[in-house]
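Report on the following structure.
The values are calculated or read from the model by the stated rules, or taken from the named source; none is laboratory data. Worth saying up front: this structure is predicted, and the values here are computed from it rather than measured. Quick reminder, even Gly has a Cβ in these numbers, built from the backbone with ideal geometry, and neighbours come from all protein chains shown. The area values use the complete protein model at the heavy-atom level, side chains included, leaving out ligands, DNA and RNA. Shrake-Rupley method; radii C 1.70, N 1.55, O 1.52, S 1.80 Å.
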Amino acid sequence: MDDVPPYPPIDPTTFDLIVIGTGLPESIIAAAASSASKSVLHLDPNPFYGSHFSSLPLADLPSFLSSHSSSPSPPRSPSSDDPNEFSLLEFATRPLYSSIDFSTFSPNLLDQHSRRFNLDVAGPRVFFCADKSIELLLRTGTNQYMEFKSVDATFVGDNKGNLWSVPDSRAAIFKDKSLGLVEKNKLMRFFKLVQGHLAGEQDVKISEEDLQSPFVDFLNKMGLPPKIKSFILYAIAMADYDQEDTGVCRDLLKTKDGIDQLALYNASIGRFQNASGAFLYPIYGQGELSQAFCRRAAVKGCLYVLRMPVTALLVDKDTGCYKGVRLASGQDIFSQKLILDPTFKVTLPLGSSPPLPLKEKLPFFSLKDDKGKIARGICITKASLKPDISNFLVVYPPRSLFPEQVTSIRLLQIASNLAVCLPGMFVLYISALCNDDDQGKKLIHAVMNMLLTVPLDSESNAAVQSETAEIGCAVQDETSESSSGGPSDSGEEKPTLLWSALYSQELTLGQVDFICSTPMPDGKLNYNDLIDTTFKIFQEIYPEEEFFPETSLENPEGDGDASPET
């Protein structure tokens, strides 16, 4: 069987823009360019949408990660009759995942129902109800292609297995039994100060000197105790690194940025009628976001071809300028602009250099933008970490699990009521920024060992199989209570691990020119930074065009129609 399926020729053969890869940045750019009346060809070598932002069935995740963990030779075009006016620069894939480790403790059940899982490659991710991704969905009408449910709660974890509720509103502060009266009063005064500053009240305005100072220093100045500071810094402001230790902190949060994060969090709480918390999660997984923008682009005339590898870049022999791409089918397609998935780089024959106009503009020169790694983990269990809650976020602040932990670790539990797993099961997404694979695995394992019972041998494996037999029987009943709480025998018992995937992902920035490379998923909880980068790329390639002009919407929908749950 041939690796490349037969394809009819693509017609037309010339476009304003060719986009390779259907990840979120590429999909947004394709939709924006199509809305600006550009002719767009959107290609993907995968048989699915989303690329590194996709949600995949359980059986497909290992092959996807493995295929992007090495640099195989690029496929050859079947035709060797190259036009004399073009030089070919072959594409290769860049290894973006490493230290991939899968463990299965209930193979019969999971293999039988593999297609019933939708696992996010780049989890954990949530939408703040008032963040840029939600605003973009509403402004472009793309929200009509998605459905959401609310994430029920946020917790902060410690090294004793406790999960402390985050008091993120006036009502939550009064209800919180873990805070003393003095702590509650200090927290209330702090939130009142922030709200007054955001409202422009002169008598409570935070000084410019304080706004430019480290946020942790401002919290100390406000006299907030360590526990409250930790909640604000890592569970509301979502700081990545230890803000108390400037020696290891790569991203020291300024007070101004911290206040902006608090404003986003506060604006998100209760924004939508049936989402009481600050966060949303899409039904069927985060991969739905890329697909939604692809549908938006298709409505505007974008042409889509999946399962189509691209083998080479076409370069004018005389001028050295980019002209188009060669497909695995052998066909040459031409365009003025090119957007590349971060998977791809351009290979050159040994001892050769790129044509001068392309020098320093191709993805093989963009390795300098690597920012490190992020460790990710996916776990499947048969019980919730909190017996009475299904969908929630947990943050482990720096040094909360062990002294060498210098970054926050985030965990998101999602239940079957979001159509990501079998009824009665739960999916846990874990992530942490790291310097290398070993450090990343240590961080992910610390959370897993704290919260889960991990089978160690065949004897415990058999016990897991016995435990999940009742789930296998219940799969046929689609109306079963998918959001039920914890283990049936004891609310204190740790959920047992059924399956896990651990891997490290490279962090790369986008590259902007007439040949552009998009970024990989970052280490943030939402998509704000990624949308900013995508907007910058679009502005650079089409500086005269509006990013999703308002007049292009046939059915613009406002907040009232954008219910997170339908």
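See the values below:
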{"read-out": "The range 28-56: number of residues that are more than 23 Å from Leu314 (Cα to Cα) and either touching a Pro at 6+ places or on another chain (Cβ under 8 Å) or of a type in the set (Gly, Ala, Ser) (or both)", "value": "12"}
{"read-out": "Residue, modelled with the lowest pLDDT, within the range 253-294, restricted to residues that are among the polar types (S, T, N, Q) and assigned to a helix (DSSP H, G or I)", "value": "Asn266"}
{"read-out": "Matching option when the condition is under 23 Å from Ala501 (Cβ atoms), at pLDDT 95 or above and out of contact with any strand residue (DSSP E or B) (no Cβ under 6 Å at 6 or more places or on another chain), among Phe128, Phe117, Phe102", "value": "Phe117"}
{"read-out": "Sole exception among (1) at pLDDT below 95; (2) within 17 Å of Pro521 (Cβ to Cβ); (3) open to solvent by 30 Å² or more (accessible area, probe 1.4 Å) for Ser70, by number", "value": "(2)"}
{"read-out": "Matching strands (runs of 3 or more DSSP E) fully within the range 92-205 where at least 3 residues are touching a residue at least 40 places away in the same chain (Cβ under 8 Å)", "value": "97-104, 148-150, 153-157"}
{"read-out": "Filter result for Gln539 (surrounded by fewer than 22 Cβ atoms within 10 Å (Cβ to Cβ) and not acidic (Asp, Glu))", "value": "yes"}
{"read-out": "Residue match in the range 309-322 (condition: surrounded by 16 or more Cβ atoms within 10 Å (Cβ to Cβ), modelled with pLDDT under 95, in a loop (DSSP other than H, G, I, E, B) and among the charged types (D, E, K, R))", "value": "no"}
{"read-out": "Condition met for Asn220 (modelled with pLDDT of 90 or more, assigned to a loop (DSSP other than H, G, I, E, B) and open to solvent by 60 Å² or more (accessible area, probe 1.4 Å))", "value": "no"}
{"read-out": "Of all residues making up the range 98-113, the number that are open to solvent by less than 10 Å² (accessible area, probe 1.4 Å) and hydroxyl-bearing (Ser, Thr, Tyr)", "value": "1"}
{"read-out": "Residue list for the range 122-145, filter: open to solvent by 20 Å² or more (accessible area, probe 1.4 Å) and within 30 Å of Tyr97 (Cβ to Cβ)", "value": "Lys132, Tyr145"}
{"read-out": "Residues (more than 22 Å from Ala199 (Cβ to Cβ), in contact with an Asp or Glu (Cβ under 9 Å, 6 or more places away or on another chain), assigned to a loop (DSSP other than H, G, I, E, B) and aliphatic (A, V, I, L, M)) located in the range 223-252", "value": "Ala239, Val248"}
{"read-out": "In the range 252-293, the residues that are over 30 Å from Leu211 (Cβ atoms) and among the aliphatic types (A, V, I, L, M)", "value": "Ala275, Ile283, Leu289, Ala292"}
{"read-out": "Search result, residues across the range 16-43 that are within 29 Å of Ser67 (Cβ to Cβ), touching a Lys or Arg at 6+ places or on another chain (Cβ under 8 Å) and assigned to a strand (DSSP E or B)", "value": "Leu17, Ile18"}
{"read-out": "So Asp210, is it more than 30 Å from the chain's Cα centre (by Cα), outside any loop (DSSP other than H, G, I, E, B) and modelled with pLDDT of 90 or more", "value": "yes"}
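Conditions (1) part of a loop (DSSP other than H, G, I, E, B); (2) at pLDDT below 95; (3) among the aliphatic types (A, V, I, L, M); (4) under 26 Å from Lys227 (Cα atoms), marked per residue:
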{"site": "Ser366", "(1), (2), (3), (4)": "no, yes, no, no"}
{"site": "Gly372", "(1), (2), (3), (4)": "no, yes, no, no"}
{"site": "Pro387", "(1), (2), (3), (4)": "yes, yes, no, yes"}
{"site": "Val394", "(1), (2), (3), (4)": "no, no, yes, yes"}
{"site": "Pro398", "(1), (2), (3), (4)": "yes, no, no, yes"}
{"site": "Val420", "(1), (2), (3), (4)": "yes, no, yes, no"}
{"site": "Leu443", "(1), (2), (3), (4)": "no, no, yes, yes"}
{"site": "Met448", "(1), (2), (3), (4)": "no, no, yes, yes"}
{"site": "Glu459", "(1), (2), (3), (4)": "no, yes, no, no"}
